[in-house]
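Enquirer: Quick one: the structure is below, and I'll ask about it shortly.
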Amino acid sequence: MSTPSASTNGTFYRLSDVPREEVTPQLSRRLISGGRLMLAEVDVPHIPSNVRHSGEAQEDTRVIDLFSPPREDWVQKTDAYLRR
């Protein structure tokens, strides 16, 4: 499952540890993992299944989120925290 994603400066991504792998090609800069990892354009982090992570956009951010297997909350459209 893949989807483009955009967020504005200061957006915080809550701590999660979902049971699927995530790969997120960066199209612009974003700070993730509780302030320990600064990502820049074209970085492609891999987050293994069940690894706790969070993030905060340090500027307007564009990414492509890739999940395997697909996120059930997105398939069922119950991801209200992302649908603001």
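The values are calculated or read from the model by the stated rules, or taken from the named source; none is laboratory data. Just so it is clear, the structure is predicted and the values come from calculations on it, not from any experiment. Positions of Cβ are generated from backbone atoms using ideal geometry, with glycine treated the same way; all protein chains shown enter the neighbour counts.
Enquirer: Kindly indicate the residue of segment 38-57 that is among the small types (Gly, Ala, Ser) and either modelled with pLDDT under 80 or part of a loop (DSSP other than H, G, I, E, B) (or both) and also farthest from residue 10 (Cα to Cα) among those meeting that condition.
Expert: 49
Enquirer: Would you please list the contacts, defined by Cβ atoms under 9 Å and residues six or more apart or on different chains, that run from a residue in segment 1-12 that is farther than 14 Å from residue 28 by Cβ and touching a residue at least 60 places away in the same chain (Cβ under 8 Å) to a residue that is surrounded by 10 or more Cβ atoms within 10 Å (Cβ to Cβ) and among the aromatic types (Phe, Trp, Tyr)?
Expert: Listed pairs, sorted by first residue: 1/67; 1/74; 2/67; 3/67; 3/74.
Enquirer: Go through 60, 79 for me and flag whichever is within 20 Å of residue 8 (Cα to Cα) and either among the aromatic types (Phe, Trp, Tyr) or at pLDDT below 80 (or both).
Expert: Details: 60 fails: either among the aromatic types (Phe, Trp, Tyr) or at pLDDT below 80 (or both).
Matching residue, one of 60, 79: 79.
Enquirer: May I pose another question? If a residue has to be at pLDDT 75 or above and among the hydrophobic types (A, V, I, L, M, F, W, C) to count, how many in segment 4-37 make the cut?
Expert: 6
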